[in-house]
Ligand code: DLL
C-alpha cells in the first residue's frame, strides 16, 4: 500500500529532475542563511548556481556531527526562530546533544513521510497504532504520532516503559500496528508471556521497528513470538527523524529511501570517496526539502549499501540494506544513543576515579545491560565497602541523569583494567543480534 503513489513510484528520470531542482533551492537557501554552509562552499570555490547536475553535489565538503556541535545549539538553523515550531535533540559525542529544528512545513513533510512509512507496513485509517517509541526530545514518539494522525489512523501515545500497563492496553484496546524498538518488542513478548497473554490472541498485524540495529534472526524471532509482520524503519534526528527509509511489506528486503526528500550517497569512511551502488560504506544524506535544518552531505556514520534494483512493491526509490554497524564508536543501549566519551566525561567529574574504564554491553534475555567498570585510586579503594558503594551509586545516578541510560557501575582495583598498546579498548559488546 502506498500513501503517495505518485511520488513513491516516480520514474528515475523524473525523480532526478525533482532532486536537482530541490537541491539547487536548498543550496541557495543555506548559502544565504547558514554561515557554516557558506564557508563550506567558499572553501571549494563553489556558488550554489554552479551546481548544475546531481553529480556536482560531490564537489561540496561533508558535514559531520562535530560541525553540528561547533554550531551548538542553533547556528545551523536556516530560518529565524519565529519560523521554528519544534526542537528535538539526540546524543552528541560529549555532554551536549545535537539540536535540530523544524518549521511548520517541515513537520508536514515529516508527517507525510511517516504516513508513507506506516502505509508501507499495510497501515490504513482503520488501524490502531500502539506507539511505544519514547515521546520527548527523541524523535521516535512524535514522529510516528504525527504520521499516524496524517494517515487518519488512531494512535495510542503510550510512549516507552511501564510494560505491564502496555500489555493491558494491548489486550483491551486491540491495537493492530506496533511501533517500538525491536528489542522492546521482544521484551513486550516476554512480559506478555509472564502475564499469561499470547500475542496470537491480540490483534497486531504488523510492527515497524527501528532506532537501533537488529538482524534477520531477530526479525524471525519477533515475527514468531508476536505473530505479526516485522518491518525495519530507519532515520536519524539530523536528517528528519524516523521516516528516512522503511521496508515494504511486499518484499521485506531493504529499506526504500524517500529520495524525493533525501539524496543518499555511500562513501568510503576513510577516504571519503563515493562508492557505486552495491558497495558497502558509510551512508551520507543531503536533505532537499527541509527548511529549518537542512543538511548537506551529512555523514551518518551508519554502514550499509544501496540497492537500485526494481522492487516488487512498485516503489522506484532505491533501497538501503540493514544498517550493519557504525564507523564510529556510538552504542545504542535500549534505544538510547551513547558515546563512550560521554560516559568518560561523567567519570572525570568525579573525584577519586581514574581515567581507566571499560563499558561492557550485554543482552540479558531481551534487554540491554550496560556495566561500567572503572578503576579508582589506591586511596579510594582502601576505603570501606560502604563508601565504595556510595561512589558507585553516585556515578550511576550521574550517568542516568546526564545520558538517560541506566548503568551498573563496578569499581575495580587500580591497574585491573587491561591496558592496550594502541587504542584503549573501551567497549566490549557481547550482544548477539
Ligand atoms: O533513532 C530515529 C528513529 C526513531 C528511527 C524511531 C527509527 C525509529 P536518533 O536518535 O538520532 O534517531 O538515532 C539515529 O540510530 O544514525 C542509526 O545509528 C540508528 N538507527 C536508527 N534506525 C535504525 C535502524 C532515531 N532501523 C541513529 N537500524 C542512526 C539500525 C538504526 N540503526
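Throughout, read-outs are computed from the coordinates displayed, never taken from laboratory work. Small disclaimer: the values here were computed from a predicted structure and weren't measured. We place every Cβ from the backbone using ideal geometry, glycine too, and count neighbours over all the protein chains shown.
Just the number, please: percent antiparallel of the DSSP beta bridges in the stretch 322-433, rounded to the nearest 5.
60 percent
What length, rounded to one decimal in nm, is gained on full extension from residue 169 through to residue 66, with 0.36 nm per residue of separation minus their alpha-carbon distance?
Length difference between fully extended and current span is 32.9 nm.
Run the numbers for residue 224 and residue 402: contour at 0.36 nm per residue of separation, minus the present Cα-Cα distance, in nm.
Extending this stretch completely gives an extra 60.4 nm.
What is the Cα coordinate range of the stretch 331-429 on the first, second and third principal axes, sorted by size from largest, in whole angstrom?
Cα spread of the stretch 331-429 along its principal axes, largest to smallest: 37, 33, 25 Å.
Please build a GNM for the chain, connecting alpha carbons under 10 Å apart, and tell me which residue among 141, 352, 210 fluctuates the most.
Evaluated over the chain, the most mobile residue of the options is 352.
Do the sum for the chain: with -39,500 (n - 2.57) for every DSSP H run of n ≥ 4, divided by all residues, what is the mean residue ellipticity at 222 nm, to the nearest 500 deg cm²/dmol?
-10000 deg cm²/dmol
If you build a Gaussian network model of the chain, linking Cα atoms that sit under 10 Å apart, which residue out of 161, 134, 241 swings the most?
161
Modelling each spin label as a point 7 Å along the Cα-to-Cβ direction, I'd like the residue 274/residue 424 distance in nm, to one decimal.
Here the modelled spin labels are 4.0 nm apart.
Alpha carbon centre of the stretch 382-433 versus the stretch 232-304: separation in Å?
Result: 34 Å between the Cα centres.
Counting only DSSP beta bridges with both residues in the chain, what percent are antiparallel, rounded to the nearest 5?
Of those bridges, close to 65 percent are antiparallel.
Taking square-rooted eigenvalues a ≥ b ≥ c of the alpha carbon gyration tensor, is the stretch 106-218 rounded, prolate or oblate, where a/c under 1.5 means rounded and, failing that, a/b exceeding b/c means prolate?
Here the stretch 106-218 falls in the prolate category.
Which FRET efficiency value, to the nearest 0.05, do you get for residue 415 and residue 43 by plugging their Cβ-Cβ distance into 1/(1 + (r/R0)^6) with R0 = 56 Å?
0.75
Using only alpha carbons, build the gyration tensor for the stretch 1-327 and give me the equivalent ellipsoid semi-axes, biggest first, whole Å.
Output for the stretch 1-327: semi-axes of 34, 21, 18 Å.
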